[in-house]
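**Q** Before anything else, here's the structure in question.
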Amino acid sequence: MSNNKVAVPEEIIMNKIYLVRNQKVMLDRDLAELYGVETKVLKQAVKRNIERFPDDFMFEMTKEEFVNWRSQFVTSNSDRMGLRYAPFCFTEQGVTMLSCVLNSQRAIQLNI
């Protein structure tokens with residue numbers, strides 16, 4: 001029996017989970033990388049389907065949260081380059097919903 005699942009090592013995912021507003025979240029750019037799409041494409045899909053993403057599924061970091069997060073977690077200049085704007089933060093439910101609205105084969109496989 002063939003297994004077509006996309007395998008992502010658990011430690012990679014665990015290293016991409018952050019605590020923001022006392023919630024475990026994943027950031028838009030990390031999810032875009034996991035799903036094999038550009039961050040811009042991911043954000044466009046969210047904006048087109050914004051009614052599917054209530055505050056308990058997804059929120060945007062405030063400017064203060066963003067500055068604080070960057071000072072705590074982002075150490076290399078190459079990481080900072082992709083973080084000019086406050087990212088969208090997705091809760092577990094938001095991650096699941098995101099995989100449903102993205103038209104990416106990888107997102108479909110990861111959701112399964």
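**Q** What are the pairs, 6+ residues apart or on separate chains, where a residue within the range 26-49 that is without any contact (Cβ under 8 Å) to a residue 24 or more places away in the chain has its Cβ under 7 Å from a residue that is in a helix (DSSP H, G or I) and small (Gly, Ala, Ser)?
**A** Glu38/Ala32
**Q** Same structure again: Mind checking which pairs have a first residue in the range 1-20 that is under 30 Å from Phe59 (Cβ atoms) and surrounded by 12 or more Cβ atoms within 10 Å (Cβ to Cβ) and a second that is modelled with pLDDT of 85 or more and acidic (Asp, Glu), Cβ under 7 Å, 6 or more apart or different chains?
**A** Lys16/Asp30; Val20/Glu65
**Q** List the helices (runs of 4 or more DSSP H) inside the range 14-112, counting only whole elements, that have at least 1 residues being modelled with pLDDT of 90 or more and under 12 Å from the mean Cα position of the chain (by Cα).
**A** Passing ranges, in order: 28-35, 39-48, 92-101.
**Q** For residues that are within 27 Å of Pro9 (Cβ to Cβ), among the β-branched types (Val, Ile, Thr) and surrounded by fewer than 18 Cβ atoms within 10 Å (Cβ to Cβ), tally how many sit in the range 21-60.
**A** 1
The values are calculated or read from the model by the stated rules, or taken from the named source; none is laboratory data. Note that the structure is a prediction, hence the values are computed from the model and not measured. Ideal geometry is used to build each Cβ from the backbone, glycine not excepted, and the neighbour counts take in all protein chains shown.
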